[in-house]
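Working notes, beginning with the structure itself.
The values are calculated or read from the model by the stated rules, or taken from the named source; none is laboratory data. This is a predicted model, so every value here is computed, not measured. When we count neighbours, we look across all protein chains shown, and the Cβ atoms used for this are built from the backbone with ideal geometry, even at glycine. Note: areas computed on protein heavy atoms with side chains; ligands, DNA, RNA excluded. Shrake-Rupley method; radii C 1.70, N 1.55, O 1.52, S 1.80 Å.
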Amino acid sequence: MNREPVIEQLSSFLRIPSISTLPAHDADCRRAAEWVAAELRRLGCREVEFLGSETHPTVWGVGPAVPGAPTLLLYGHYDVQPPDPLAEWTTPPFSPTVRSGRLYARGAADDKGQVFCLLQAVAAAGRPPVNFRFLIEGQEESGSQVLFDVLRREPQRTAADAVVVADMSYVAPGWPAVYTALRGLCYAEINVRTAKSDLHSGEYGGAAPNAHEALVRLLGRLKGEDGKINVPGLYTAVRRPSKAELAAWRKLPFSEREFLTKRVGAKALTGLKRYSVLERLWALPTFEIHGIKGGFTGDGAKTVIPAEATAKVSIRLVPNQKLKTVERQVAAAVKRAAPKYATVTVRFLHGADPAQVDVSHPAFALLDRAFREVVGRGTVPVRAGGSIPIIPALGRGGAPVILTGIGLPDDRLHAPNEKLDLKQLWDGIEVFKRFYELLGETGRR
Ligand SMILES: [Zn+2]
């Protein structure tokens, strides 16, 4: 394979700033969808459709008919997270650049590079070994509403013998993985109002309530310094992983020390110290504050008592927790923690139930074999701390949902200097090509 044109082709995808959460980028999302559609047509798709939205359509494709062969649904997303803080990028986020074997760009690993890998593997397979179906959505990073609606109306789109979701990573370099669980998400905005309008801190300071102060006190009550989340009932549904699962995690090439120094880059790790880091990342709920809005944050000084403050927060959910229940619990906890003098409202922006995947279906063994043949090691079953809200819906047609991917743990998803190691891409193309072939053989006995 001549690699230069392949990198250039992926780069043309990465140059489109398809940030789904920012309305200013609606046209870019549409352009990214068109890029995907053109690729699907190039792969010989008979049917390519835009589903559910003009600006953030889910791209649907049906590959050439292969009578008697199984049907494989490939899922991915063409939208990306906002790139800020821009100053921290070594090269601009939407100017893909190769440095020492790595391709740097927003979306390089999450998820354009991986979508590209799945599609390149289809091209590399030559005559299609299976009946391909494609669902490439444009709102994964902002709630997947379009695809949720599409699948509610047309559940037959997920009718397949297997679904591959390549939006994940190896658990360590050289260690490909399949994922047995994903955390869910409950994303909320907490708004605090303490007065009709902002007030002069000289005239009123000392007697008037301050919205920012009320908000940070409230947030402080919701999570203790020890990492415990003070939302009554939140931990009730949480189940500890089995002894066997915990034992398997201890055998993974994971060092807490290296995780702290190389990946987190902080002075210390936080959270519930009684549990291992992997258990905190994969099997316990989180509470994170993403941003606080309000008051004065410009250059210089302005002596104001803010009347309003808003925090964006989220809770990651683990298997057995339910989004609807957690929303109720969070709303009640905020109400309880709010000071009497403030008007506090909670608005839930988006969310997802956690997902669990049974990896005993024979299709998993085929992927394991493909990885073994190409990279020399099979897949290890692990969990993921992240969320892909659409996963349960993708499996509703009864097909096993294979969560895997070619990323590496240090790809810096959602952060500055996101990258994809090109070796992962070249290996990945071979792995998925081999997987498609192996799956194709199962249908032709
Ligand atoms: Zn993703």
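On C-alpha positions alone, give me the angle between the axis of helix 323-337 and the longest principal axis of the chain, in degrees, nearest 10. On a 0 to 90 degree scale, this one is about 20. Given the options GLU327, GLU137, GLU225, which has the most mean-square fluctuation in a GNM of the chain, springs set between C-alpha atoms less than 10 angstrom apart? It is GLU225.
Is there a pair in LYS112/LYS335; LYS293/LYS322; LYS262/LYS423; LYS196/LYS267 whose C-alpha atoms are over 32 Å apart, and which pairs would that be? Distance filter (> 32 Å) returns LYS112/LYS335; LYS196/LYS267.
Report in % the part of the accessible area of the chain that belongs to carbon and sulfur, leaving out ligands and nucleic acids; probe 1.4 Å. All intermediate terms of the calculation are to be shown ahead of the outcome.
Values: 10280 of 20080 Å².
Carbon-and-sulfur percentage of accessible area, whole number: 51.
Packing order of peptides 391-399, 101-109, highest average first: 101-109, 391-399 (average count of other Cβ atoms within 10 Å over each peptide's residues). If only the Cβ of Lys and Arg carry +1 and only the Cβ of Asp and Glu carry -1, the dipole of segment 259-402 around its Cα centre is close to 420 debye.
Over the Cα atoms of segment 342-385, the radius of gyration divided by the Kirkwood radius equals 1.37; this is the Rg/Rh ratio.
Sorting the segments 166-172, 231-237 by their mean number of nearby beta carbons within 10 angstrom, highest to lowest, gives 166-172, 231-237. Taking every protein chain into account, the accessible area of segment 229-278 amounts to 71 square angstrom per residue (probe 1.4 Å). Average projection, convex hull of the Cα set of segment 55-188: 11.1 square nanometres. In the chain, the DSSP-assigned H stretches of four residues or longer account for a calculated mean residue ellipticity at 222 nm of -9000 deg cm²/dmol, using -39500 (n - 2.57) per stretch and the full residue count as denominator. If you bin all the Cα-Cα distances of the chain at 20 Å, starting from zero, the percentages per bin are 24, 55, 20, 2, 0. In segment 208-344, inverting the average of 1/r over every pair of distinct C-alpha atoms gives 17.4 Å as the Kirkwood radius. Taking the average, over residues, of other Cβ atoms within 10 Å as the packing measure, peptides 414-421, 110-117 rank 110-117, 414-421 from highest down. Size of segment 12-80: Rg and Dmax of its alpha carbons, in Å, are 13.3, 46. Relative to the current alpha-carbon distance between ILE7 and GLU54, full extension at 0.36 nm per residue lengthens the span by 14.1 nm. The angle between the Cα long axis of helix 211-222 and the longest principal axis of the Cα atoms of the chain comes to about 60 degrees, rounded to the nearest 10. Ranking ALA237, GLY202, VAL264 by how far each Cα lies toward the positive end of the dipole of segment 165-299 (charges on Cβ) leaves ALA237 at the top. For VAL178, the residues whose amide H sits under 5 Å from its own are VAL380, VAL382, ignoring neighbours fewer than 5 places away on the same chain, with H placed 1.01 Å from N. When +1 charges are put on Lys and Arg Cβ atoms and -1 charges on Asp and Glu Cβ atoms, the dipole computed for the chain relative to its Cα centre reaches about 1400 debye.
Under a 1.4 Å probe, what is the accessible area of segment 298-434 per residue, stated in Å²?
43
If the segment from ARG239 to THR297 were pulled out straight at 0.36 nm per residue, it would be longer than the present Cα-Cα gap by 16.7 nm.
On a per residue basis, segment 131-213 carries 37 Å² of accessible surface, using protein heavy atoms and a 1.4 Å probe.
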